[in-house]
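Below is one structure; the comments refer to it alone.
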2 protein chains.
Amino acid sequence: MNSGAQLDCSAPSVHRKICIQMTDVDSQSGRAMLKLRELLLRGDFHPGERLSELPLVARLGVSRTPIRLALQRLAHEGLLEMVPSGGFQVREFNLTDIWDAIEMRGVLEGTAARLAAERLGDPVEMRAIRDLQQQMDTTTLDTAESFASYMDLNEAFHAAVGDLAKSPMLIRSLAYVKTLPFAAPSAMVYARSKLPKAAALFIIGQEQHHGLLEAIEQRQGSRAEALAREHARLARRNLESVLSDQAILSCVPGASLIKFSRAARQ
Amino acid sequence: MNSGAQLDCSAPSVHRKICIQMTDVDSQSGRAMLKLRELLLRGDFHPGERLSELPLVARLGVSRTPIRLALQRLAHEGLLEMVPSGGFQVREFNLTDIWDAIEMRGVLEGTAARLAAERLGDPVEMRAIRDLQQQMDTTTLDTAESFASYMDLNEAFHAAVGDLAKSPMLIRSLAYVKTLPFAAPSAMVYARSKLPKAAALFIIGQEQHHGLLEAIEQRQGSRAEALAREHARLARRNLESVLSDQAILSCVPGASLIKFSRAARQ
DNA sequence: ACAGCGGAGATTGTATACAGGACGGAAGTT
DNA sequence: AACTTCCGTCCTGTATACAATCTCCGCTGT
């Protein structure tokens, strides 16, 4: 698993997967947004740096209008923030922000799991998510392709829990917290694979998936909620481990936007 | 309390308070957004109706550019949705959406309360929120001004719990769910005052506020979370009562965007 | 009568021009 | 030497022009 040799953190196939789109690609503004987001996550801009529109015209190859649109959308996503006097600047995150963002995801996914348990009609509804779980169990995790596949399955699994909750509003809020690059379910998965204890972490994660489905199936809402929260905290523990190795940290998307204050955490 | 005589639901002083701004008023796009949001909440457009830009130019008195901006912001807020082929249309909500939106607020405010309890440093930090609580306790609730004051205090109280959580990320998510008009803490308060059992409901609400502060002060995170969730469910019970009276329902901002399906609820 | 097709009008997405304001540097004053 | 003030440059916000595309209506053919 822990390949070690080449630490191809900037492998585009991996980062691209993390990057949710949620926009039409076949429009200037959509392309501008995706391109700009990729630049931001790749670390082409410093946190706090002001993004002027004119330089972006040359860099992205589109007019100011779609760039304005892209900037505003990214501000809504949370990667940028508007400055009071006008314009936008790159947002700076600290470790507490990431910590709390993952906690928020855990809370919302916990709610999704609880609602899924409370609202489950026929156990047949769980067939799709059971299928995802079994596919993840049988993923070998020895090649780059199997990693990408695992990340896809993981994203799909978490989305499926949201679907079982049968609440558009919840899915909406969940999508919102996931827009932050390091709060997505698979954000830490790739970095995790580089850790020494990677194998153990994957086993724990799968065990939590299993327990979660069991709780939902047996309509144990409170247990499902607790398990989903704990599952998100596994990502936080990953983060904790990843912090010790700068090389691995750079695998986390948007790591360049993190400001490390002297106090390690809290 | 229950004035009954004049049911001035469209009293602008009240609706204006519900409408969060979060934008600069002294710009064309900011004004366009506020004006358009007011039109939407007042029910000037049908759910599902497509909003073309040109008619809005005449109606709002600004050019297409700021209108485009306002439309996009309102889509992010959730009042509009973009149609795949281009443009925006008024979003339609059903009762389950409102139900779940309030539940989501409860979950996030519950998390805020838990974090507030877990992260409370010195009990002195609670002086401001204690002050708000006492002011609410002594509010008479017999005049329109006292209502407005109560709603302000209520909003401030809920915001203060968020501040105590010391988590910008949580405040961000909380702000997001509150953008939906009927999910704000004070959305149901005004309509509630028209209910027969208004006095009892206010007493219950105040009691919950009191218990919440006690739990936070004694660092009882789990209890604080449960109380905050239950407090939001009081708003849901208000909604349930309000639904029985069409006249009172129209006091809820954005009520005209609600589609009532044959199944009353769930 | 109904489905498929075509064209005209309307509407959005994009580019660009213009104006007002913000920021920074330089010069003058205390 | 430091502070203030003024001016120039840059930048954003706004308006508008243009083009591509979508929608809707009427027409025609089966």
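Looking at the structure I just gave you, is A:R50 in contact (Cβ under 8 Å) with a residue 12 or more places away in the chain, within 11 Å of DNA strand C (Cβ to nearest atom), closer than 28 Å to A:L95 by Cβ and away from chain B (no Cβ under 14 Å)? Here the answer is yes, as A:R50 does meet what is asked. Against the criterion of being modelled with pLDDT of 95 or more and of a type in the set (S, T, Y), B:S186 does not qualify. The set of residues in region A:157-174 that are under 19 Å from A:E207 (Cβ atoms) and either open to solvent by 10 Å² or more (accessible area, probe 1.4 Å) or touching a residue at least 60 places away in the same chain (Cβ under 8 Å) (or both) comprises A:H158, A:A160, A:V161. So for region A:226-234 (the condition being at negative phi, in contact (Cβ under 8 Å) with a residue 24 or more places away in the chain and in contact with an Asp or Glu (Cβ under 7 Å, 6 or more places away or on another chain)), does at least one residue qualify? Looking for residues that are at negative phi, in contact (Cβ under 8 Å) with a residue 24 or more places away in the chain and in contact with an Asp or Glu (Cβ under 7 Å, 6 or more places away or on another chain), one finds at least one in region A:226-234, hence yes. If only residues of region B:56-75 that are of a type in the set (D, E, K, R) and within 26 Å of the chain's Cα centre (by Cα) are counted, the one that is nearest to DNA strand C (Cβ to nearest atom) is B:R68.
Here is a yes/no grid of residues against (1) within 13 Å of DNA strand D (Cβ to nearest atom); (2) over 20 Å from B:H76 (Cβ atoms); (3) of a type in the set (A, V, I, L, M, F, W, C); (4) surrounded by 17 or more Cβ atoms within 10 Å (Cβ to Cβ):
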{"position": "A:I67", "(1), (2), (3), (4)": "yes, no, yes, yes"}
{"position": "A:E81", "(1), (2), (3), (4)": "yes, no, no, no"}
{"position": "A:I102", "(1), (2), (3), (4)": "no, yes, yes, yes"}
{"position": "A:G106", "(1), (2), (3), (4)": "no, yes, no, yes"}
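The requirement of being open to solvent by 50 Å² or more (accessible area, probe 1.4 Å), in contact with a strand residue (DSSP E or B) (Cβ under 6 Å, 6 or more places away or on another chain), within 11 Å of chain A (Cβ to nearest Cβ) and within 21 Å of A:A175 (Cβ to Cβ) is fulfilled nowhere in region B:70-79; no residue meets it.
Results for (1) within 14 Å of chain A (Cβ to nearest Cβ); (2) over 18 Å from the mean Cα position of the chain (by Cα), shown as yes or no for each residue.
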position: B:A128; (1), (2): no, yes
position: B:Q133; (1), (2): no, yes
position: B:D137; (1), (2): no, yes
position: B:T140; (1), (2): no, yes
position: B:A144; (1), (2): no, yes
position: B:S149; (1), (2): no, no
position: B:S167; (1), (2): yes, yes
position: B:L170; (1), (2): yes, no
position: B:S173; (1), (2): yes, no
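Could you figure out which of (1) within 30 Å of A:V124 (Cα to Cα); (2) within 14 Å of another protein chain (Cβ to nearest Cβ); (3) surrounded by fewer than 23 Cβ atoms within 10 Å (Cβ to Cβ) isn't true of A:I258? Going through the list (1) within 30 Å of A:V124 (Cα to Cα); (2) within 14 Å of another protein chain (Cβ to nearest Cβ); (3) surrounded by fewer than 23 Cβ atoms within 10 Å (Cβ to Cβ), A:I258 breaks only (1).
Restricting attention to region B:99-114, the residues that are facing chain A (nearest Cβ under 10 Å) and over 17 Å from the mean Cα position of the chain (by Cα) total 2. Scanning region A:152-167 for residues that are within 17 Å of A:R105 (Cα to Cα) and in a helix (DSSP H, G or I) returns A:N154, A:E155, A:A156, A:F157, A:H158, A:A159, A:A160, A:V161, A:G162, A:D163, A:L164, A:A165.
If the condition is being modelled with pLDDT under 90, more than 10 Å from DNA strand C (Cβ to nearest atom) and open to solvent by 40 Å² or more (accessible area, probe 1.4 Å), then region A:15-39 contributes A:H15, A:R16, A:K17, A:I20, A:Q21, A:M22, A:V25.
Yes/no matrix, rows are residues, columns are (1) in the same structural domain as B:A183 (by TED's automatic domain parsing); (2) within 16 Å of DNA strand C (Cβ to nearest atom):
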site: B:L54; (1), (2): no, yes
site: B:E77; (1), (2): no, no
site: B:W99; (1), (2): yes, no
site: B:M104; (1), (2): yes, no
site: B:L108; (1), (2): yes, no
site: B:R130; (1), (2): yes, no
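Based on what the data block shows, is B:I216 crowded, with 23+ Cβ neighbours inside 10 Å and farther than 20 Å from A:Y176 by Cβ? Yes; evaluated as a whole, the condition is true for this residue. Looking across region B:84-100, the residues that are open to solvent by 20 Å² or more (accessible area, probe 1.4 Å) and either touching an Asp or Glu at 6+ places or on another chain (Cβ under 8 Å) or within 16 Å of DNA strand D (Cβ to nearest atom) (or both) come down to B:P84, B:S85, B:G86, B:G87, B:F88, B:Q89, B:R91.
Within region A:84-98, the presence of a residue that is in contact with a His (Cβ under 7 Å, 6 or more places away or on another chain), within 14 Å of chain B (Cβ to nearest Cβ) and in a helix (DSSP H, G or I) is excluded. Given the condition among the hydroxyl-bearing types (S, T, Y), surrounded by 15 or more Cβ atoms within 10 Å (Cβ to Cβ) and not in a loop (DSSP other than H, G, I, E, B), answer yes or no: does some residue in region A:140-151 qualify? Yes, there is a match, as at least one residue in region A:140-151 is among the hydroxyl-bearing types (S, T, Y), surrounded by 15 or more Cβ atoms within 10 Å (Cβ to Cβ) and not in a loop (DSSP other than H, G, I, E, B). Does region B:109-128 contain at least one residue that is assigned to a helix (DSSP H, G or I) and either under 22 Å from B:A198 (Cβ atoms) or in contact with a strand residue (DSSP E or B) (Cβ under 9 Å, 6 or more places away or on another chain) (or both)? No: zero hits. Residues of region A:42-52 that are near DNA strand D (Cβ under 9 Å from one of its atoms) and part of a loop (DSSP other than H, G, I, E, B): A:S52 alone. For region A:40-52, the set of residues classified as surrounded by 14 or more Cβ atoms within 10 Å (Cβ to Cβ) and over 17 Å from A:H76 (Cα atoms) consists of A:R42, A:G43, A:F45, listed by residue number. Of the candidates B:P55, B:P12, the single residue that is more than 13 Å from DNA strand D (Cβ to nearest atom) and at pLDDT below 90 is B:P12.
The values are calculated or read from the model by the stated rules, or taken from the named source; none is laboratory data. Bear in mind that the values here come from a model prediction, so they are computed numbers and not experimental data. A quick note on method: Cβ atoms are made from the backbone with ideal geometry, for glycine too, and the neighbour counts reach across all protein chains shown. Please note that ligands, DNA and RNA were not included when accessible areas were found on the heavy atoms of the full protein model with its side chains. Shrake-Rupley method; radii C 1.70, N 1.55, O 1.52, S 1.80 Å.
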